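The values are calculated or read from the model by the stated rules, or taken from the named source; none is laboratory data. Predicted model only: the values in this text are computed from it and were never measured. Virtual Cβ from ideal backbone geometry, glycine too; neighbours counted across all protein chains shown. For accessibility, only protein heavy atoms count, side chains too; no ligands or nucleic acids. Shrake-Rupley method; radii C 1.70, N 1.55, O 1.52, S 1.80 Å.
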Amino acid sequence: MNEIDGMLLVSLFLIPLLSAVFLMLVPSRERSFIIGFTGLSSFVMFIFSLYIFLSYDFSSTDQFQGIFAIPWVSDIGIIGLNGIQLKVGIDGIAAAMILLTGIVILAGTIVSWKITYRIKDFFILLYILVAGVFGTFAMLDLFFWFLLYETALLPMYLLIGVWGSTRKEYGAMKLMMMLVAGSILIFSAIFMIFTEAQLGSFDLELLATVDYNRNFQILVFPLIAIGCGTLGAMFPFHAWSPDGHASAPTAVSMLHAGVLMKLGAFGIIRLGFQLLPEGAAYWGPGLMFLGIVAALYGAVSALKQTDLKLMTGFSSISHMGYVFLGLGTYTVIGISGAVLQMFAHGVMTALFFLLIGAMYDQSHNRDIPNFSGLATKMPVWSIFFVIAGLASLGLPGLSGFVAELHIFIGVFQAYPIIGGLAVLTAAITATYLLRMFSTMFFGPVSSKWDKLNDMTYLERVSATILALSILFLGLWPSPWIDRIADSIQIGIPGALM
Amino acid sequence: MMNNYFLILPEISLLLTGMLILFLDAFSKELGVGRKIFPMLAIIGSLLSALLSFLLIGNNETLFDIYKVDDLTAYFRILLSLILCFLVIGSHEYNDKKITHIGEYYFLLLTATVGGIVMVAGVELITMYVGLELLSFSLYVASSSLINDKQSGEASLKYVLIGGVGSAILLFGLSMIYGSAQSTFYNDIAINFLNGDFFNLEFLLVGLIFLIAGLGFKLSAVPFHMWAPDVYQGAPTPVTAFLSTSSKAAVIGLLFRLLGGPLLGVIEYWQPLIILLSVLTMIIGNLIAIQQKNIKRMLAYSSVGQIGYLLMAFVGLSSYTLSAALFHLSGYLATNLLIFIAIIIFYTKNKENSLINDFKGLANNQPFLALIISAGLFSLAGMPLLAGFFTKFILFQAIVQNGFLWIVVIAVTMSTISLYYYLQIIKQMYLFEDNDNNCVSKWNLTPSQYIASSLLFLLVIFIGIYGTPFYSFAEQSIMVLF
């Protein structure tokens, strides 16, 4: 990747931002124009993100490639020469995450076209969120990294509050306050790192070269892990997540569980592992412990849920637990597994929420025991659901398997007992999913749901994009694995093989 | 030595405009001038003053030994003149509708602005005090200008009584400092204190305590904040806006001059006081704001909390923290003015209950207004892409750099809590429909309202994304102190 690709990275978050600004100027009655415009805009984002993923350069030995920087604040007050720059660049981890965002936003935009209430405002907020997400993945300057990280949180309150369902005011407020409270810790960590490094610069590349004091690393790493972990729904800071997901509108759930939660785990890798490797190594077992607790807790809670969206929400906590489990191993294979799991869970959970939304819009009911025999009423819907479910429980050939395999190998190398518990979690996951399948899809056809129709064509298109990604990663994972492992070896030199 | 009177042209232009307004008001029947002329004149006068101050950047001269014209003065001249200008553009319809003695009202705003500038420019204790009283007296009267409204009178009376006590305390503190330093000139005080040459340590300590308490009254810092909510609530909304922007900015400017100059030599004596004041102000202001149902009271407490962040800059005082604070101050003023102008615009058209519920369903009735209010509130809470994030980030980083991480942690926590009560307003605007029709549906703003609010809105976004020029000018201005 060269500097031109770097400009592409900048445009990647400028496109949604400018689209949002442009949409503000469009009159809200121009519904078809808004649909066309957002379709174009999200398609361009998807193509750009795919191009960036594919043009990753394996021959480069630098940690980041496609670097492109614009000076922003230089040599004023506390800020030293080139202290704050709009600096972008990616490694393999960011490349995978950018592709994930591109896929999910394309699918999310397509299913959101059925929104009738203030569609323009919805897309404005959604695209500000997406700009924040793309920006966080691409940014190599700590100031802008955090600015865009917060930008991704900013529209959540209104997106859930205005367009959400069940207990939306409560869910929105709880989510917003918990996530912003998590930012307090990241804020403090950034201030401490900047002060400790004494470079007068927020440049991540420069900051990564500093050899921080071991005690300092041990002190600051938990701040980042908990701060970012709140967004990644790390146990016990996950309380916002089920309520938030249950009340969010479809596309927001998709983006939120699919991409935004990964932002948290990505933050731990980018700031925690790459800046403070000794701190990460020290706290690895702690991360692993929280990961396995989250995995078990999420799975057991999902067993109890009857609301389909709550079940998926808890299942997300469980799957994000795997991510922290993988990160905690501090081995190349474990961290690769964690990043793969971020991608796999992203597309899979987006598909889940899309399907739940497709049904809820018709039935206004999400209670699992209320349904039966849906496979005859909604065959296409059921097939997609089964694909997502099987990926979730880790069936070979689908995305979840590849990721979980890596994580389990990493964990077994370090702590066999925790590895055993992780496999048990996978079994519990299979239990609640298969039980849900048998209740909802099979059994007698209930006359209550005669009016239910199968998925619309738009939903099918969108679900196909996500299902293909699941299959692709499951059948041919090497494009992902190569990029991720390559970057981990260069970027986190301390990680064990 | 010749004194260069051109250097005080901005103040002269403001004062002359004020005099002209007063004259035209007195003979309005004979001359046949309408009420429309007064806001026009005030806008022209303040724009002229801003322009002249802009041309005077780069000077560094002291007039009569008591009045310093340098970049710090220039910064505050521009700030205060522009605030007045925006405020008049955004609120003249409101004033025309609700205030009877309109000529006097604009005169008072102009003199208050001059007072604010004198506070920052004065480098002698008595000059500074005269400026402060000019500002205070103008506002005492201005806050009673809704003569048919009992609350306005009550606000004014409270403000006079408590402000008077504050002034007395401040004056006593100044006399003690004079007793200790044997001079009222900043330069001499600075030299004496740096040399450890104070007449009597007890005098100095009593003086500092009373000085900071007196200025605390003016700033409405906790525990001297009790007047603020009542006065904010009762005063006409444009005066409230003026109170929470210009008047606070001027006192902060005075603190830059005073604590960064003459009192820098005795920093160890006043630093604990400022730490206490700052922490209390942040915590109590933000916590009490949570339970307010009245929007003006909520904004009063919120601006109390915001003052706490600014006071932090004096905790570990250096050119870094002060320039960051000046940068934050400009972002804060733009944001606060934006919110107040939006509220003034809202109450120009709607019945003024001042309750948060009034804003129910505003996103449907007047989306532009709802957008700028939410942008302003998000900016106050320090959310990104808006001024609050950039300026707070720089300010907090500068303070951490000086070794006060713990106080910044409190500040960031409080800023998160403040998001909660700001969201309460945003919730009313976006999440609810206006079922009981409190609010006039689908009205249009007048061109001047559009100009004032959208310019400020763009400014808030501009500072939030590319605050560099403001930060650079702030640093240049602060450097004259060091």
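Regarding B:ILE267, is this residue more than 21 Å from the chain's Cα centre (by Cα) and of a type in the set (Val, Ile, Thr)? Criteria met by B:ILE267.
Take the residues of segment A:182-218 that are free of Cβ contacts under 8 Å to residues at least 12 places away in the same chain and hydrophobic (A, V, I, L, M, F, W, C): which is most open to solvent (accessible area, probe 1.4 Å)? Show your work before the answer.
Quick first cut of segment A:182-218, residues free of Cβ contacts under 8 Å to residues at least 12 places away in the same chain only: A:191, A:195, A:198, A:206, A:209, A:211, A:215.
Imposing the further condition that a residue be hydrophobic (A, V, I, L, M, F, W, C) reduces the set to A:191, A:206.
Working: A:PHE191: 1, A:LEU206: 79 Å².
Per the stated criteria, the residue is A:LEU206.
If we scan segment B:340-359, do we find a residue that is over 22 Å from the mean Cα position of the chain (by Cα), open to solvent by less than 10 Å² (accessible area, probe 1.4 Å) and within 12 Å of another protein chain (Cβ to nearest Cβ)? No.
Among the helices (runs of 4 or more DSSP H) lying completely within segment A:307-389, list those that include at least 2 residues that are within 17 Å of A:LEU473 (Cα to Cα) and of a type in the set (S, T, N, Q). Lay out the reasoning, then the answer.
Numbers: elements: A:308-329, A:332-363, A:374-377.
Qualifying helices (runs of 4 or more DSSP H): A:332-363.
B:ILE465 fulfils the conditions (1) more than 10 Å from chain A (Cβ to nearest Cβ); (2) open to solvent by 40 Å² or more (accessible area, probe 1.4 Å); (3) touching a residue at least 24 places away in the same chain (Cβ under 8 Å) except for a single criterion, (1). The sole residue among A:PHE68, A:PHE37, A:PHE43 that is open to solvent by 10 Å² or more (accessible area, probe 1.4 Å), touching a residue at least 12 places away in the same chain (Cβ under 8 Å) and closer than 22 Å to A:ILE484 by Cα is A:PHE68.
For segment A:223-279, a residue qualifies if it is modelled with pLDDT under 90 and among the acidic types (Asp, Glu), and exactly one does: A:ASP243. Is it fair to say B:GLY388 is more than 7 Å from chain A (Cβ to nearest Cβ) and on the phi > 0 side of the Ramachandran plot? No: the conditions fail for B:GLY388.
Examine segment B:359-381 for a residue that is small (Gly, Ala, Ser), within 30 Å of A:MET192 (Cβ to Cβ) and in contact with a helix residue (DSSP H, G or I) (Cβ under 8 Å, 6 or more places away or on another chain), and state whether such a residue exists.
Of the residues in segment B:359-381, the ones small (Gly, Ala, Ser) are B:361, B:363, B:370, B:374-376, B:379, B:381.
Next, from what is left, pick out any that are within 30 Å of A:MET192 (Cβ to Cβ): B:379, B:381.
Next, only the ones that are in contact with a helix residue (DSSP H, G or I) (Cβ under 8 Å, 6 or more places away or on another chain) stay: B:379, B:381.
Yes, segment B:359-381 has at least one match.
Restricting A:ILE128, A:ILE78, A:ILE110 to residues that are in contact (Cβ under 8 Å) with a residue 60 or more places away in the chain, out of contact with any Gly (no Cβ under 8 Å at 6 or more places or on another chain) and open to solvent by less than 50 Å² (accessible area, probe 1.4 Å) narrows the list to A:ILE128. Give segment A:51-98 a look and list any residue that's within 14 Å of chain B (Cβ to nearest Cβ), touching a strand residue (DSSP E or B) at 6+ places or on another chain (Cβ under 7 Å) and of a type outside the set (Gly, Ala, Ser), or say none. Selection gives A:ILE70, A:PRO71, A:TRP72, A:VAL73, A:ILE79, A:ASN82, A:ILE84, A:GLN85, A:LEU86. State yes or no: is B:ILE373 part of a helix (DSSP H, G or I), away from chain A (no Cβ under 11 Å), surrounded by 24 or more Cβ atoms within 10 Å (Cβ to Cβ) and of a type outside the set (Phe, Trp, Tyr)? Answer is yes for this residue. Apart from one condition, B:ILE307 fits all of (1) under 16 Å from B:GLY253 (Cβ atoms); (2) within 14 Å of chain A (Cβ to nearest Cβ); (3) buried (at least 24 other Cβ atoms within 10 Å of the Cβ); the exception is (2).
Inspect segment B:400-409 for any residue being part of a helix (DSSP H, G or I), within 14 Å of chain A (Cβ to nearest Cβ) and out of contact with any Phe, Trp or Tyr (no Cβ under 9 Å at 6 or more places or on another chain) and give the result as yes or no. Scanning segment B:400-409, I find at least one residue that is part of a helix (DSSP H, G or I), within 14 Å of chain A (Cβ to nearest Cβ) and out of contact with any Phe, Trp or Tyr (no Cβ under 9 Å at 6 or more places or on another chain), so the answer is yes.
The helices (runs of 4 or more DSSP H) located wholly in segment B:3-109 that include 2 or more residues which are within 28 Å of B:GLY234 (Cα to Cα) and touching a Cys at 6+ places or on another chain (Cβ under 9 Å) occupy B:37-55. Only one of the numbered conditions (1) at the interface with chain A (Cβ under 7 Å from one of its Cβ atoms); (2) of a type in the set (S, T, N, Q); (3) open to solvent by 10 Å² or more (accessible area, probe 1.4 Å); (4) more than 14 Å from A:TYR157 (Cβ to Cβ) is violated by B:GLN397, and that is (3).
Over 16 Å from A:PHE371 (Cα atoms), hydrophobic (A, V, I, L, M, F, W, C) and surrounded by 14 or more Cβ atoms within 10 Å (Cβ to Cβ) - does that describe any residue in segment A:434-446? It would help to see each step written out before you state the result.
Looking only at segment A:434-446, we keep the residues that are over 16 Å from A:PHE371 (Cα atoms), and these are none.
Within segment A:434-446, none of the residues are over 16 Å from A:PHE371 (Cα atoms), hydrophobic (A, V, I, L, M, F, W, C) and surrounded by 14 or more Cβ atoms within 10 Å (Cβ to Cβ).
When residues in segment B:426-459 are screened for being at negative phi and more than 14 Å from chain A (Cβ to nearest Cβ), 21 of them pass.
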